[in-house]
Amino acid sequence: MLKNIIDTHAHYNDDKFSEDRNTVLASLPEAGIVKIINCGTDVSSSAESRRLAESYDFMFFAAGVHPEDCAKPENETDLGEIKKLLSHPKCVAVGEIGLDYYWQEVPRELQQKFFEAQLKMAKEADMPVIIHDREAHGDTMELLREYRPKGVLHCFSGSTETMREAVSLGLYIGLGGAVTFKNAKKAVAVAQEIPPDRLLLETDCPYMAPVPFRGKRNTSAYIPCVAEFLAALRGVDPQALIDQTTENANRLFFGGLTA
Ligand code: NI
């Protein structure tokens, strides 16, 4: 059985876990999961992520306002509240933050304003960022060039060229279930080229369950499907791939500590 797995991007606060959240979480250590980073998308989900991190040893969290959420009322997008959460001992990143031009509801200027403010906040706190970039590669990269944060481009969907530039800026590339989908030819081509020391594994659960569970509720227990897919693609042993990505996640989010 594969072990030593870090899920660098999860949303266990989601309603889809409301019936059986504790049962699912309690089962994960037996499924080889050693750490999980639960990502906030607004003030209440960031605070909920903190509560989960306080309840489970293996849970850590990121606090941030997601691009799709930045048009919410002020109490849900209060960056002062996000900043307070960053000082919690189990908060390991600012996230998830970024730009999403796929959904048209939130004006781009507003998304950019929140993204920039949170990039600054991460710099000040000397913390990595977890970046959501959907159909906004040009503007995302422009801000990353300017602010040079530590961090990860999660569920990476850009070109090989963009991946190489992100890597040259010192960033990591997060991959999850989407890379196993039949129509993921571009992501597969990129996945082959990611330097071993920059690859991270993630779920984005409850979404993005990998093949053969596509369409079902995702959990960290499905990460081995992604690891096996990527290992075959890259011609390496699945456990070796996991051990390398775990070392990468520990370097980026946990100050190199492996415990
Ligand atoms: Ni997410």
Dipole axis of the chain (+1 Lys, Arg; -1 Asp, Glu on Cβ), positive-most option in Cys91, His154, Trp103:
His154
Accessible heavy-atom area order of His66, His88, highest first, probe of 1.4 Å:
His88, His66
Of every Cα-Cα pair in the chain, the percent that sits beyond 35 Å
7 percent
Taking H placed 1.01 Å from N in the peptide plane, check which residues at least 5 places from His9 or on another chain put their amide H under 5 Å from its amide H.
Ile37, Thr203, Asp204
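Using the alpha carbon gyration tensor of the stretch 1-120, what are the three equivalent-ellipsoid semi-axes (square root of 5 times each eigenvalue), largest first, in whole Å?
Working: eigenvalues 147, 43, 35 Å².
Each semi-axis is the square root of five times an eigenvalue, giving 27, 15, 13 Å.
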Whole angstrom only: what separates the Cα centroid of the stretch 190-259 from the Cα centroid of the stretch 89-111?
22 Å
What's the magnitude of the charge dipole for the chain around its Cα centre, counting Lys and Arg as +1 and Asp and Glu as -1 at the beta-carbon? Answer in Debye, nearest 20.
520 debye
How charged is the neighbourhood of Gln112? Take every other residue with its Cβ under 10 Å from the Cβ of Gln112, and add Lys/Arg as +1 and Asp/Glu as -1.
-2
Apportionment of accessible area to carbon and sulfur, the chain, percent (1.4 Å):
51 percent
Given H placed 1.01 Å from N in the peptide plane, which residues other than close sequence neighbours of Ala93 have an amide H under 5 Å from its amide H?
Ala63
Ignoring ligands and nucleic acids, what accessible area does Lys72 show with a 1.4 Å probe (Å², nearest 10)?
80 Å²
Whenever you get a sec, line up Glu146, Glu116 from highest to lowest accessible area (probe 1.4 Å, protein heavy atoms).
Glu146, Glu116
What whole-number value in Å² describes the accessible area per residue of the stretch 117-166 for a 1.4 Å probe?
44 Å²
Of all chymotrypsin sites (Phe, Trp or Tyr not before Pro) in the stretch 1-108, which ones are in loop regions per DSSP and have a Cβ with at most 13 other Cβ atoms within 10 Å?
Tyr102, Trp103
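The values are calculated or read from the model by the stated rules, or taken from the named source; none is laboratory data. Just so you know, these numbers come straight off a predicted model, no measurement behind them. Methodologically, a virtual Cβ is constructed for each residue, glycine included, from the backbone with ideal geometry; neighbour enumeration extends over all protein chains shown. Each accessible area value is taken on the protein alone, full model and side chains, heavy atoms only, with ligands, DNA and RNA left out. Shrake-Rupley method; radii C 1.70, N 1.55, O 1.52, S 1.80 Å.
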